[in-house]
Amino acid sequence: MEEAQGYVLLTGLGLPLLAALILLLLPSSQKMAVRYLSAVIGAILLGLSIYVFLAYQASGNVIQMELQWPWIEHVGFLGENGISLHLGVDGISALLTLLTGIVAFAGTLIAWKLEYRTKDFFILFWVLISGVYGTFFALDLFFFFFFYELAVVPLYLLIGIWGSTRKEYGAMKLTLMLVGGSVGIWIGIFAVVHEAGLGTFDLPTLWEAGRNGALSPEFQKIIFPFFAIGCGVLAGLWPLHTWSPDGHMSAPTSVSMVHAGVLMKLGAFGIIRLGIQILPEGAEFWMPALVVLGTIGALYGAIAALTQRDFKLISGYSSVSHMGYVLIGLGTLHAVGVTGATLQMFSHGVMTALVFLLIGALYDQAHTRDLSDYGGIAKVMPLWVIAYVMAGLANVGLPGLSGFTAEFHIFVGAFHTYPVFGGLAILAAAIAAAYMLRMFGVVFFGPLNPRWSDLKDLSPMETISAVLLILSMLAMGLWWSPFTDRLENTILNLPGVTS
Amino acid sequence: MRDFTLFIPEYIAVASAVAILTAELVWPKIRKDYLAYATAAGALGWLIAAIPYIGNTAGNFENLLLTDDFTTYFRILAAGIVMAIALLSAHYLQNRTTTAGEYYGLLLVGGTGMVLMAASRELLTAYISLELLSFSLYILVGYLKRDRLSNEASLKYILLGAFSSAMLLYGISLIYGVTGTTSYEGIAEALAARDGGTDAATVVGIMLIVAGVGFKVSAAPFHMWAPDAYQGAPLPITAFLSTASKAAGFALILRLFTGALVVDAVEWRAAIAVLAAITMTAGNLIAIQQTNLKRLVAYSSIGQVGYMLVAIAAIGYGDAATAQSASSALLLHIAGYTVSTLALFTALTAHYNRTGDDSISGLRGLAETQPFLALVITASLFSFAGLPFFAGFATKLLLFQASTTDGLLWLVGLGAANSFVSLYYYLMIMRQIYLFDPAEGQTRFRPTPLLGALAGLLLLGMLFIGIYPQPVFEATDHAASALFEVSASVLASGR
C-alpha cells in the first residue's frame, strides 16, 4: 500500500512533465487539443492531490507514501543513498499538495482563452507545476533543489512572453531575485552536506544529523540565514519582497494565480524543510529576527496596499502582507503558530488565486486596472462581485472563511511567544480590512460608470474555477479539523517546536 | 620493453589524418563534405578502438606515457569531440574554403595531442603534446585565409601562445633544476625528500607552470587571447577551442598536480584558489557586456574554467579522499560542459549557415523561425547556468559539493554567486530568441538533417547527464581513481 502510494507521488511530478513532452510534440496549430489535454491533466492532478491529502493518515507516521529509488550512489564522495529519488509527504506537504492541485486546475481553466502561443504556454506551465509538486514531495536535498529551481525558471518566459505592463522588466527582476535567492540555498546545501560528512543528500538523514549534534550549534547559526534568506526571497520576506508587486503586475492571469497561490509557499516550505528541520538550533537562534521581518512585512504590505490604485499591485502587496503572517507563524516555533502559518499558506493560496483570477477576468475586457476608472460594477457583473467579496473577506479574516482560521492560529501562537508582535500583526489585519473595504466601495458600488455597461460577467470556465476556490476557502473556514488534524503530528515532531 | 600496442587508437587517428590529407592531394576536386564524413568515420574508429582499453591494467610506455582509465576517458572524449566538430564543419567549410584536407587532418592531430596530454607523466612529453594541440589550433584558428578577423585571431593566438609556452618551459626547467628529473613521480619524490623549507626556485617554477597552463585553458588574467581567437576562428573551431583545448588543459593539470606537485600543495593551492576566483568573476562580469555571440561564449567559457579550477584548488586544500572525489567530479563536469558546448555550437552553426550573423541580436525571433534550434540553444545555456534537467545542474552541483572543503567554502560560494551572474547574460540571449519577433525577411527554415540530428543527439546527452549522471559519474570515478593509484604512494610519502 505504502509503495503504491509512493507511485502516486511519482505520478504527481511525472505527469506534468509527460504532458509538457507530449505538448512539445504536438503541432502548435492544434490549440483545442492543447487545451483539452491540459484540462484533463489538470483534472487528474486535482484528483491526485485530493487523494494524497485524504489518504494522509492523521494518526500515522509523520512521513507517509514514501518511495525511495537509488539514483547516484557509491561514486565520488557519495556513499550509500548518496542521491536518491526519495519521495514522501508529511502533513504540511500533504496540505500544500492539495493547494497545488486546486490552484493548478483553476489556472489551467483560466488559461483556456489564451490565444497567443498556447502550446508554448502550457509546456512551460506544466514544467512549473511539476517543479512545485517535486519540491513538496522531495525528501532528498538534491531533488529538492532540482525541483525548486525547476519551478522558478519557467517564470521568466511565462511573464516575459505572455505578460502585460512592463513585462520584460518584471520578468527579469523576478527571475534574478529568485535565482539570486537560490544562490543562498546552494551555498547552504554545500555547507550542510560537507559538514554532516555522511556523503548523502538524503533529507531525513540530514535532519537526524541536525538533531543529534553532528551539525554543531555554531555551524547551524552561521548557515541558517543562507537558507532563510534564500527561501525567504521566494516567500516575500521583507525587504526582499520587491519582485512581488512588479512580477505580479506583469504576469499573465494564470501565472499570477500559480505564482502567488503556490510558488510563494515554496519559499516558506523551504524555510521549514531546510531551515527548521536541518538546522533546529540555528532556527531557534534566528527566529526572533524572522518574526520581526515578518511583522514589518505584514504591516508594510498592508500599508502599501492601502495606497495603491492598481488592482494587481494591491494584491501583490497584500501577498507580501499575508506571507508576513506566515513568517510570523513560523517564527513563533509554537505548535499553534506553526499550524497557523501552514493554514495561512493554504488559505492565502486559494484566496489570492481567486483574486488574480477575478482581476484577470475584468482586465481582459476593460484593459485597465486603475481602481478609479471603475464604479458600480456590481450592477453588471454580480457573480464577479460576489466572488471578489468572498475573497476580500477571506483576506480580512472574516470568521467562516479560511483566512480567519489561519490568522487566528497565528495570533494565538504569536501572543504565546511574542505578544507585542501579535498585536502588530492584528493591526496589519485591521489595515487589510481598510484597503479591502476601500476597494469594495470604489469599484463595486456607487453609481455605474456608463463606460462599463457592457461588461460581461464570469465565463463558465471562470465560474467553475472560482467556485472551486471559494469552496476551498469555505471548507477551511467552517470545518478545519481535517486540516489541523493532519498537521498536528507533523508539527509537533518538528524539532524545536513547543506545544 | 616498449609496448607499441598501447596506442592503437591514436594510430587510427593519425592514419586517418594522413589518409585525408593524401586524398585531397590526389583528388583535389573531392567534395569537401566527404572529407568531413571521412574524418568522423576515422574518429569513430578511434573511439571504438579505445573501448577495449577500459578497465585494463595501466600500460606504461617507457615512463613517459601511461594508458590507464584516465587516458582512456580522454581518448573517448577527444574522439567524440573530433567526430562532432567534423560533422558540424561539413557544410560550414564547404562554402568558405577551397581546401579542407589540412583542416580535417589537423582536427585529428589536435585530438591526438589532447590524448597525449592526458597520458603524459613526464614534463617534456606533456609539453610536446601540448604544443601538438596548440600548433594544430594556431593553424585552424586562421584557416579562413581571406577573413581578416581569422588572420588577426591566429596571429594573436600564436604570439601569446608562444609567450605562454616560454613561461611553461622556464617553469619546467626550474623544476628540473631543483629536482633533477622531469618524471612526475621523480619530482614528487624529490620534493618530498627535501628537508627544510621550500626554496624560491621551486615556487617560481610552479608559478610559471601554473601561468603557462593557465594561458592554455584561458584562466584570467591570462585569458586575453581567448575572445579574439574565439571571434575570428571558424565557428566549428571556436567549438573545438572551447571544448578540446580546455579539456586537454585540465587533463594535463590533473595529471601534473595530483602526480607531481601535490606534495607541495601548500605552495600553490592559494594561488590556484585566487586564480579560480579571478577567472570566474572576470569571465562572467565581462560576458555581460558582449554583443557578439562568439565573444560572449568565450567569456562564459572563461567563467566555466573558473569553476573547474575550484576543483584543482580543492585537490590542494583537501585530504586524499577529497582530492580524488574532486577530480572525479571535475571530470564529470568536463563531460557535461563538453556536451553542452557542442550542442550550443551545433545549433549556432546551423543558424549561422542560414543567416551569416554571429551577433546576439541575430538570434532574435529564432523561437519562431526555428523552434528546435531555439530549444537546443536554451537547453545548453541553461546547462551552463546550472539549471535543472540539463547536464550543468548535476555536474556543477556535484563539482562544487565535492570541492567543498573547510578552507574553501568561500570559493564555492563565489562560484554559486557567479552562476547567478551568468544567468543574467544567458537570459539576455533567451530574450532575443523568445521575446522578440524575427527580423524582417527572416522566415521559417529547417536545419540540415545532419546538424538537426547531431543537435538532437547532443540534447539527449545533456538531458541524460543532467538527470541520471550515475553511469558517467562511475566512469569518471574510475578515471580519477586511476589517477590516484599512481599517486597514492606519493601522497603517503609526502604531505
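Here, each number is a calculation from the coordinates, and none is a lab measurement. Everything quoted here is computed from the prediction, not taken from an experiment. For neighbour counting, all protein chains shown are included, and Cβ atoms are generated from backbone atoms with ideal geometry for every residue, glycine included.
Structure summary
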quantity	calculated
Residue match in the stretch A:463-470 (condition: β-branched (Val, Ile, Thr), over 24 Å from A:Met351 (Cα atoms) and touching a residue at least 12 places away in the same chain (Cβ under 8 Å))	no
Selection from the stretch B:443-487 of residues that are hydrophobic (A, V, I, L, M, F, W, C), assigned to a loop (DSSP other than H, G, I, E, B) and either free of Cβ contacts under 8 Å to residues at least 24 places away in the same chain or buried (at least 20 other Cβ atoms within 10 Å of the Cβ) (or both)	none
Top-ranked residue of the stretch A:136-162 - restricted to ones that are within 11 Å of another protein chain (Cβ to nearest Cβ) and under 13 Å from the mean Cα position of the chain (by Cα), ranked as farthest from A:Leu98 (Cα to Cα)	A:Val152
Qualifying residue in the stretch A:197-216 (condition: within 29 Å of A:Pro70 (Cβ to Cβ), within 11 Å of chain B (Cβ to nearest Cβ), surrounded by fewer than 24 Cβ atoms within 10 Å (Cβ to Cβ) and free of Cβ contacts under 8 Å to residues at least 60 places away in the same chain)	yes
Qualifying residue in the stretch B:327-334 (condition: closer than 27 Å to B:Tyr92 by Cα and either in contact (Cβ under 8 Å) with a residue 24 or more places away in the chain or more than 9 Å from chain A (Cβ to nearest Cβ) (or both))	yes
Residue tally, condition surrounded by fewer than 17 Cβ atoms within 10 Å (Cβ to Cβ) and within 26 Å of the chain's Cα centre (by Cα), over the stretch A:20-35	1
Whichever residue in the stretch B:352-377 is within 13 Å of another protein chain (Cβ to nearest Cβ) and surrounded by fewer than 24 Cβ atoms within 10 Å (Cβ to Cβ) and, among such residues, is farthest from B:Leu435 (Cα to Cα)	B:Phe372
Single residue of B:Tyr434, B:Tyr424 found to be within 13 Å of another protein chain (Cβ to nearest Cβ), hydroxyl-bearing (Ser, Thr, Tyr), part of a helix (DSSP H, G or I) and surrounded by fewer than 20 Cβ atoms within 10 Å (Cβ to Cβ)	B:Tyr424
Condition broken by B:Ser380, with the remaining ones in (1) assigned to a helix (DSSP H, G or I); (2) at the interface with another protein chain (Cβ under 7 Å from one of its Cβ atoms) satisfied	(2)
Selection count where residues are out of contact with any Ser or Thr (no Cβ under 7 Å at 6 or more places or on another chain) and either among the small types (Gly, Ala, Ser) or at positive phi (or both), scope the stretch A:432-471	8
Restricting the stretch A:177-186 to residues that are touching a residue at least 40 places away in the same chain (Cβ under 8 Å) and within 7 Å of chain B (Cβ to nearest Cβ), the residue that is farthest from A:Val255 (Cα to Cα)	A:Trp186
Selection from the stretch A:78-100 of residues that are buried (at least 24 other Cβ atoms within 10 Å of the Cβ), within 14 Å of chain B (Cβ to nearest Cβ) and part of a loop (DSSP other than H, G, I, E, B)	A:Leu78, A:Gly82
Residue in the stretch A:36-46 that is crowded, with 24+ Cβ neighbours inside 10 Å, touching a helix residue (DSSP H, G or I) at 6+ places or on another chain (Cβ under 6 Å) and of a type in the set (Ser, Thr, Tyr) present	yes
Cross-chain or 6+ apart pairs with Cβ under 7 Å, the stretch B:217-235 first and surrounded by fewer than 23 Cβ atoms within 10 Å (Cβ to Cβ), then acidic (Asp, Glu)	B:Asp228/B:Glu152
Matching residues in the stretch A:292-317 - criterion: being out of contact with any Ser or Thr (no Cβ under 7 Å at 6 or more places or on another chain) and aliphatic (A, V, I, L, M)	A:Val292, A:Leu293, A:Ile296, A:Leu299, A:Ile303, A:Ala304, A:Leu306, A:Leu313, A:Ile314
Residue list for the stretch B:387-417, filter: within 28 Å of the chain's Cα centre (by Cα), surrounded by fewer than 22 Cβ atoms within 10 Å (Cβ to Cβ) and at the interface with chain A (Cβ under 9 Å from one of its Cβ atoms)	B:Phe389, B:Thr405, B:Leu409, B:Gly413, B:Ala417
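Listed here are the residues, each with its yes/no results for (1) out of contact with any strand residue (DSSP E or B) (no Cβ under 6 Å at 6 or more places or on another chain); (2) buried (at least 16 other Cβ atoms within 10 Å of the Cβ); (3) farther than 27 Å from A:Ile314 by Cβ.
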{"position": "A:Ser402", "(1), (2), (3)": "yes, yes, no"}
{"position": "A:Thr405", "(1), (2), (3)": "yes, yes, no"}
{"position": "A:Ile410", "(1), (2), (3)": "yes, yes, no"}
{"position": "A:Ala425", "(1), (2), (3)": "yes, yes, no"}
{"position": "A:Trp452", "(1), (2), (3)": "yes, yes, no"}
{"position": "A:Ala466", "(1), (2), (3)": "yes, yes, no"}
{"position": "A:Leu471", "(1), (2), (3)": "yes, no, no"}
{"position": "A:Ser499", "(1), (2), (3)": "yes, no, yes"}
